[in-house]
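Asker: Would you mind keeping the following structure in view while I ask a few things?
The values are calculated or read from the model by the stated rules, or taken from the named source; none is laboratory data. Just so you know, these numbers come straight off a predicted model, no measurement behind them. Reconstructed Cβ throughout: ideal geometry from the backbone, glycine too, with neighbour counts over all protein chains shown. Surface accessibility is based on the protein's heavy atoms, side chains included, excluding ligands, DNA and RNA. Shrake-Rupley method; radii C 1.70, N 1.55, O 1.52, S 1.80 Å.
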Amino acid sequence: MPLANLFGSKGRLVLCALLICAVIFELAYCQKDAQEQRTNPGRKTKPSIPKLVRSTKKGPRAVTAKPKIKDTPAAPAQTFLTQVLNRGKFKKVGDTLSVQTGDTLQLRCRGKPVQWSVPTYLEEDDDGRLRIVQHERYGILTLVNTTGADTGEYSCYSMYCEDTDCRKEYDKAIKVFVFFPDPQELFVPSSDYYEVIQLRTNWPTLLPCQVTSPGAKVSLHREYPPVDVAVDGTEISFNVKKGFTIHRPRPYHAGALFCVASLGNLRQSSTKYMLIYVNYPMAPPAPVIQASLSSVTVGENLRVSCSVLGEQDVAVEFTWEYPGLQIGRPLYTQDSISSVGGGAARQQCQSILLVDEVRDVDQGTYTCTAQNLQGAKSVSTTVKVVPKAKPKKP
Ligand SMILES: *[C@@H]1O[C@H](CO)[C@@H](O)[C@H](O)[C@H]1NC(C)=O
């Protein structure tokens with residue numbers, strides 16, 4: 001959600017359905033906090049979305065550097081990913097790989113040069129266990145003293161270089177999901193006691209309880225009332241490389257849920273997931289703008305209205321831009337929501353920009369931007385200001 005846009009935008013910010021927005025913003029902040037906490041160094045945290053390994057001051061991770069590479073505008077090299085077992089032994093990797101915790105993971109990717117992506121926390125907690133070296137025809141990633149927390153997706157992309165420009169070929173990335181089965185930790189550890197997750201209408205939602213061992217049996221549970229959640233593979237499905245996905249969230253999915261993994265005699269619970277249901281719009285808003293007058297005389301009052309007809313309980317924010325904005329002309333707005341009759345629950349959100357005693361500077365374009373969680377749309381209208389009629393000469 002582009003919060004920065006909302007608060008940093010020009011003109012006035014008007015919240016339609018203020019309460020709903022406030023709740024959503026809370027959530028967004030909660031989630032952000034949660035994410036930031038997770039990436040704190042120290043306790044090994046959950047690798048979520050893999051990020052690109054960027055060049056750092058610390059030498060060998062800077063793989064975008066092109067050592068020993070001739071600037072040949074050659075066709076992109078084919079990329080192959082192999083696991084380096086021990087001196088001189090290679091094994092082509094499939095979809096997944098299991099490496100015993102404590103062991104060293106070494107991957108070799110053919111290409112000149114290649115770029116790697118690793119689980120997010122590994123990139124952020126640079127504790128010296130990860131080493132990336134580019135050789136002439138391949139790159140090597142080495143991760144030592146591994147733990148269950150290193151479980152996640154590792155991939156390499158080849159770089160296509162022409163002269164000094166190199167372009168990443170993401171679409172040709174070769175990925176391998178690496179498990180580091182940890183005899184003590186069935187779940188990839190998280191530093192958070194719980195995680196807040198938004199359930200958006202018809203938007204697949206992931207409960208990222210990631211196991212460290214592909215052999216673990218994982219089930220989903222509701223805390224209150226304490227029941228097992230049915231995982232039918234359609235409404236809710238499980239993927240050992242991701243966790244549980246709720247495919248089309250409905251309000252009844254909300255609540256506190258957690259995963260339980262069992263393997264051998266070990267049985268462990270994951271972090272708690274607080275699922276909060278949010279009415280999510282199907283589409284960006286379609287605002288309609290209208291000025292009370294298209295030509296207004298100095299001294300008269302002007303009203304410009306912007307309205308959006310949309311789904312019930314979906315928050316819409318309005319932002320205005322108007323000619324007097326640059327000189328700080330203080331205009332104000334009135335906003336309202338009203339229900340619209342009919343079958344489907346609809347509502348009309350409206351923001352009215354009020355210009356009292358129009359001046360010359362008020363002539364020009366009035367733009368209203370309406371935004372909901374799906375996007376924003378702007379509409380404009382122009383207003384002409386005409387001077388007061390001169391009193392007739394006697
Ligand atoms: C790996 O673990 C060994 C033994 O605990 C330690 O001596 C070494 O410094 C560690 N290496 C890194 C890069 O953390």
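Asker: With open to solvent by less than 70 Å² (accessible area, probe 1.4 Å) and in contact (Cβ under 8 Å) with a residue 40 or more places away in the chain as the only criterion, which of G328, G364 stands out? Full working, then the answer.
Answerer: Numbers: G328 fails: in contact (Cβ under 8 Å) with a residue 40 or more places away in the chain.
One residue alone meets the criteria, G364.
Asker: Ok, one more. From T104, T142, T120, T151, which residue is under 21 Å from K175 (Cβ atoms), within 16 Å of the ligand (Cβ to nearest atom) and open to solvent by less than 60 Å² (accessible area, probe 1.4 Å)?
Answerer: On the way: T104 fails: open to solvent by less than 60 Å² (accessible area, probe 1.4 Å); T120 fails: within 16 Å of the ligand (Cβ to nearest atom); T151 fails: within 16 Å of the ligand (Cβ to nearest atom).
After applying the criteria, what remains is T142.
To keep it simple, each residue is scored yes or no on (1) within 16 Å of the ligand (Cβ to nearest atom); (2) touching a strand residue (DSSP E or B) at 6+ places or on another chain (Cβ under 9 Å).
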| residue | (1), (2) |
| --- | --- |
| D126 | yes, no |
| R131 | yes, yes |
| M159 | no, yes |
| D165 | no, no |
| K168 | no, yes |
| D171 | no, yes |
| V178 | no, yes |
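Asker: Turning to a different aspect of this structure: For segment 82-100, state whether one or more residues are within 16 Å of the ligand (Cβ to nearest atom), over 20 Å from K242 (Cβ atoms), crowded, with 18+ Cβ neighbours inside 10 Å and not assigned by TED's automatic domain parsing to the domain that holds N239. Show your work before the answer.
Answerer: Pass one, segment 82-100, residues within 16 Å of the ligand (Cβ to nearest atom): 99-100.
Those left that are additionally over 20 Å from K242 (Cβ atoms): 100.
When the remaining residues are screened for being crowded, with 18+ Cβ neighbours inside 10 Å, the result is none.
So far as segment 82-100 goes, no, none of its residues is within 16 Å of the ligand (Cβ to nearest atom), over 20 Å from K242 (Cβ atoms), crowded, with 18+ Cβ neighbours inside 10 Å and not assigned by TED's automatic domain parsing to the domain that holds N239.
Every residue, every condition in (1) touching an Asp or Glu at 6+ places or on another chain (Cβ under 6 Å); (2) modelled with pLDDT of 95 or more, yes or no:
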site	(1), (2)
R248	no, no
A256	yes, yes
S292	no, no
S295	no, no
G299	yes, no
D313	no, no
L331	no, no
S336	no, no
V340	no, no
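Asker: Looking at segment 223-271 only, could you name the residues that are among the basic types (K, R) and over 18 Å from V211 (Cβ atoms)?
Answerer: Step one: filter segment 223-271 for residues among the basic types (K, R), giving 241-242, 248, 250, 267.
If the condition is that a residue be among the basic types (K, R) and over 18 Å from V211 (Cβ atoms), then R248, R250 are the ones that fit.
A quick yes/no check of all residues on (1) part of a strand (DSSP E or B); (2) surrounded by 20 or more Cβ atoms within 10 Å (Cβ to Cβ); (3) touching a residue at least 12 places away in the same chain (Cβ under 8 Å); (4) within 33 Å of the chain's Cα centre (by Cα):
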{"residue": "E300", "(1), (2), (3), (4)": "no, no, yes, no"}
{"residue": "V304", "(1), (2), (3), (4)": "yes, yes, yes, no"}
{"residue": "L309", "(1), (2), (3), (4)": "yes, no, yes, yes"}
{"residue": "F318", "(1), (2), (3), (4)": "yes, yes, yes, yes"}
{"residue": "S336", "(1), (2), (3), (4)": "yes, no, yes, yes"}
